[in-house]
Amino acid sequence: PERGTPLLEVDCVSKVFGGLRAVDDVSFDMKAGEILGLIGPNGAGKSTLFNLLTGVASLTSGTVRFMGTRIETLAQRDIAALGVGRTFQHVQLRPQMSALENAAFGANLRGSAGVFAAMARADRAEEAQILRVAQDQLERVGLGHLADVEAGNLALGQQRVLEIARALAFDPALLLLDEPAAGLRHQEKQDLAALLSDLREQGLSILLVEHDMDFVMNLVDRLVVVDFGVKIAEGDPASVRANPRVIEAYLGG
Ligand code: ADP
Ligand code: MG
C-alpha cells in the first residue's frame, strides 16, 4: 500500500469476558508507513486488542478494516494471508528447532499451502523456496549468521528479533508487535528500535504495544493510549506524554 493511504480502521471494537469489558468501544486508524504505539498500564486490554485484530479471539462488537477489507470475522490464517503479521507478548518459538526452521514457520503460514503441505507432498522445490524466504528474513533482521543455532540457545533479544523475522516471512504490510522490548537490556532495546525504524523505511507499517514509555517516545509517529479497555488519549508522543489523563493512568497503574 502507498504511504499515507488508510491501512487499518478499527471502529468501535469491544471484547467482553464474562462481566469484564477488556476492550471497550475502541476506535483508531492507521495509515500506511506509520509506526503507531499502543500503550497503557498492565491489564488495559492491549494484548486482547491485538488478538481481536489478528483473529486469535473473536470480538464482541465493532468492525476492523485492513486495506479496505473487513477482517473482524476472518480466521487467523486468512488475516495473516491478507498481510497482517504479529508477534506475541510471550516468546513463542520452538526452542529445539533452529532459528531458520522457526523463521520458516512464518513463511509457511502466508498461504494455505505452506511448508507442511510441501513436506507432505514431498515437494522439495517448494520446501527449498520457503527456507530461502526464511533465510532472507533472518538476514534482513541481522540474524543470518545464527540460522543454524537452536532458538532456545539465543539471547532473549535475539529471540524477540527472530519472532519478528518469522512474522516478516509472511510478507506482511502491517506488523503487530506485542511488547517486543520487554525484558531486553538497554543495548538490545536500542538495536531493536533501529531495526524497527529500518523496517518502516522499507515500507512496513508497525503497530507496537509497549509498556516502556521511553522506548516508544523516539520511535513512534503517533500513540494511542488505553486504560481499563477504553481509549483515553491519542496523538503525537509529546502531547500524549503531557496529557493529564495519561499521567494519572500511569501513576495510578
Ligand atoms: P494488557 O495486554 O494491556 O496488559 P490484556 O489484554 O492482557 O491487557 O488483558 C485485559 C484484561 O482482560 C485483563 O483484565 C485480563 O485479565 C482480561 N483477560 C484477558 N484475556 C482474557 C481471557 N481469555 N479470559 C478472561 N479475561 C481475560
Ligand atoms: Mg499484554
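Structure notes:
- If a spin label sat at a point 7 angstrom from the Cα of Gln89 along the line to its beta carbon, the backbone N atoms of the range 202-217 nearer than 14 Å would be those of 209-212.
- Share of pairwise Cα separations in the chain, more than 27 Å, in percent: 36 percent
- If the chain linking Leu20 and Asp214 were pulled fully straight, counting 0.36 nm for each residue of separation and taking away their Cα-Cα distance, it would gain 66.8 nm.
- Using θ = phi - 60° in the Karplus curve 6.51 cos²θ - 1.76 cosθ + 1.60, the 3J(HN,Hα) couplings for the range 64-81 round to 9, 10, 10, 6, x, 9, 5, 10, 5, 10, 7, 6, 3, 5, 6, 5, 4, 5 Hz; x is entered for Gly and Pro.
- Per-residue Cβ neighbour counts within 10 Å put Glu248, Glu126, Glu2 in the sequence Glu2, Glu248, Glu126, beginning with the fewest.
- Debye log10 I(q)/I(0) at q = 0.15, 0.26 Å⁻¹ for the range 33-84, Cα point scatterers: -0.44, -1.09
- Close Lys pairs in the chain, defined as Cα atoms under 21 Å apart and 8 or more places apart or on different chains, number 6.
- Taking the chain as a Gaussian network of alpha-carbon nodes connected by springs under 10 Å, the highest mean-square fluctuation of the residues Asp178, Asp227, Asp25 belongs to Asp25.
- Residues Val230, Val224, arranged from fewest to most other Cβ atoms within 10 angstrom of their Cβ, appear as Val230, Val224.
- Using alpha-carbon coordinates, inclination of helix 99-109 to the longest axis of the chain, degrees: 70 degrees
Every read-out reported here was derived from the displayed coordinates using simple, explicitly stated rules and does not represent laboratory data. Worth saying up front: this structure is predicted, and the values here are computed from it rather than measured. When we count neighbours, we look across all protein chains shown, and the Cβ atoms used for this are built from the backbone with ideal geometry, even at glycine.
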